[in-house]
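Everything on this sheet refers to the single structure shown next.
Please treat every number below as a calculation from the coordinates, not as lab data. Nothing here was measured: the structure is a model prediction, and the numbers come from that model. FYI the Cβ positions are ideal-geometry reconstructions off the backbone, even for glycines, and counts take in every protein chain you see.
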Amino acid sequence: MRWMMVLLTMLGALALGTLVSRSPGYVLISYNDLTLQTSLWLASVVIFLAFGLFYCLLRAAGSFWGLKNQISDWSNARQQKKALQFLEKGIALTVLGEVDRGRRYLRRAHQWSATRLLAETFLARESGPDSAAMMDRLRLSGHTFEQIAFYYQTEDAMREGAAEAALALIEKLPNNSSTLPLKRRVWIANGAYRTMAQHQKQVSKFEDDLMLSEHQALLESRRNLASDNERREWLAILPSISLQDDELLLEVLLGFDDASAAEACCRSLIERAPSLGLFLAYGGLGTQTLAIRHRHAQAWLSQFPSSANVSACFGALATVEDDQNAAISHYLECLQLKPSAAVKRRLAQAYLLAGRYEEARALY
């Protein structure tokens with residue numbers, strides 16, 4: 001194959017040489033008093049070499065421009081690093097209480113586009129005549145620091161009591177362990193229980209970092225529940241400590257418009273997170289679903305013959321049926337398996353209703 005290419009090349013060169021020698025042609029270039037005449041083939045070679053030289057010059061210019069861009073990128077990265085240093089110092093000094101020094105650094109960070117948005121956010125956190133205008137500009141900005149600005153704006157909105165504005169802001173924040181605690185506060189304030197339940201499992205130690213004020217606000221919000229769906233969603237996000245409070249659970253469950261929906265809701269909670277309070281509440285749901293609850297209680301008893309929770313449920317069922325002696329028996333059985341202040345209180349009430357005052361007094 002190689003010798004064939006060599007042979008074809010030699011034949012082509014001979015044919016071209018013969019053609020050039022027989023018909024060299026000519027090219028005449030005349031400009032003012034300058035006249036240049038040469039053969040067609042030499043002019044073709046010169047034109048070809050000129051185009052090659054022009055191409056090489058273009059490549060060299062491109063390389064030079066790329067080097068210039070690299071230098072520009074390095075300079076921009078260096079300036080951005082310096083701007084971030086100013087921003088970090090400004091935030092740290094502001095948090096530590098040195099507001100004047102912090103604001104000086106923040107103003108220097110404000111000169112670069114990479115940190116302008118976040119610098120404006122911290123500058124706007126100080127009360128001033130243009131704070132509202134700054135916040136409006138931040139909301140309309142599409143900068144990479146936008147989410148950080150939204151986070152601090154949400155905190156400010158919650159501090160000022162503007163829960164609805166905070167709810168609109170947190171929709172633009174991602175869901176992670178840093179943002180979800182703030183989102184939870186906003187959801188509780190706005191009664192967004194369904195959204196809160198969707199993200200409950202994404203936060204590690206969801207109940208451990210639930211502040212007392214948040215827990216109290218969550219419990220107080222039960223008074224504003226207007227439908228069975230809201231009651232169901234509210235019960236689904238209760239922390240485990242509240243699932244032990246049978247009186248709290250009964251207050252909400254007995255408020256259901258549909259008794260069957262209350263029974264199904266309480267039973268699903270028991271299947272998800274069984275607690276003594278839930279079993280007591282399930283047994284005390286009233287007489288409308290008594291037969292259904294008896295059937296499920298018997299099924300639990302067959303699965304767990306020696307369960308304090310199931311015994312407590314049977315005691316509550318007997319109380320609803322006004323069979324105080326059976327209730328006393330079940331409550332005593334529960335206390336033998338697991339001590340509980342709530343069961344002791346119910347046992348004392350059963351003693352009183354049965355007229356066994358001495359035993360009630362002894363229990364107290």
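Listed by chain and number, the aspartates and glutamates placed with their C-alpha closer than 16 angstrom to that of K82 are D73; residues fewer than eight positions away on the same chain are left out.
Based on the Cβ-Cβ distance from I241 to A77, what FRET efficiency comes out when R0 is 45 Å, to the nearest 0.05? Don't jump to the answer; show the numbers that get you there.
Numbers: r = 51 Å, r/R0 = 1.13.
Efficiency, from the Cβ-Cβ distance: 0.35.
About its Cα centre, the dipole of segment 240-364 is roughly 360 debye, where the only charges are +1 on Lys and Arg Cβ and -1 on Asp and Glu Cβ. Each of R185, R104 was scored by other Cβ atoms within 10 Å of its Cβ. Arranged with the fewest first, they read R104, R185. Separation of segment 294-364 and segment 223-289 by C-alpha centroid, Å? So the two Cα centres are separated by 19 Å.
The aspartates and glutamates whose alpha-carbon is closer than 17 Å to the alpha-carbon of K89, local same-chain residues fewer than 8 away aside, are E98, D100, E120, E126. Across segment 240-364 the C-alpha pair distances fall into 5 Å bins from zero in the proportions 2, 12, 23, 25, 20, 12, 5, 1, 0 percent.
For segment 323-364, count the residues as N, evaluate 2.2 N^0.38 Å, and divide the Cα radius of gyration by that value, please.
Scaled against compact globular proteins, the figure is 1.02.
Ranked by the mean number of other Cβ atoms within 10 Å of their residues, highest first, the peptides 108-120, 298-310, 228-240, 248-260 fall in the order 108-120, 228-240, 248-260, 298-310. Couplings for segment 350-364, taken from phi via the Karplus curve 6.51 cos²θ - 1.76 cosθ + 1.60 with θ = phi - 60°, read 5, 4, 5, 5, 7, x, 9, 5, 5, 5, 5, 5, 5, 5, 5 Hz in order; Gly and Pro are left as x. Taking other C-beta atoms within 10 angstrom as a stand-in for reagent exposure, Y151, Y55, Y331 fall in the order Y55, Y151, Y331, fewest first.
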